[in-house]
């Protein structure tokens, strides 16, 4: 299952970057200045790209959490028992 961690993380990173760029571009209103021209249709295309990147982000986030569930629980202290030799473990 760890063979899928890198591709899922890369899809998550790519979707995040696309969401940031398209979201800022749409939010800035640069494409809304001319109604009815080629720029206006580009605005709708960017919204579609933003939508599909959002769906990819949600799916890859769910896969990323599923693939890293146990390491995340261990990191938060809820996982398997701690190693007695690890720092911060009280000695009996």
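With respect to residue 26, determine if the residue is within 30 Å of residue 8 (Cβ to Cβ), surrounded by 16 or more Cβ atoms within 10 Å (Cβ to Cβ) and at pLDDT 80 or above. Yes: the conditions hold for residue 26.
Got a number for residues in region 57-80 being part of a helix (DSSP H, G or I) and surrounded by 15 or more Cβ atoms within 10 Å (Cβ to Cβ)? Give the steps one after another, and end with the answer.
Here is the first cut: in region 57-80, the residues part of a helix (DSSP H, G or I) are 57-67, 69-76.
Checking which are surrounded by 15 or more Cβ atoms within 10 Å (Cβ to Cβ) leaves us with 57, 60-61, 63-64, 67.
Matching residues across region 57-80 total 6.
Here the condition is being closer than 22 Å to residue 10 by Cβ, out of contact with any helix residue (DSSP H, G or I) (no Cβ under 7 Å at 6 or more places or on another chain) and modelled with pLDDT of 90 or more; of 62, 53, it holds for 62 alone.
The values are calculated or read from the model by the stated rules, or taken from the named source; none is laboratory data. Computed from a predicted structure; not experimentally measured. Glycine gets a Cβ as well: all are built from the backbone with ideal geometry, and neighbour counts include every protein chain shown.
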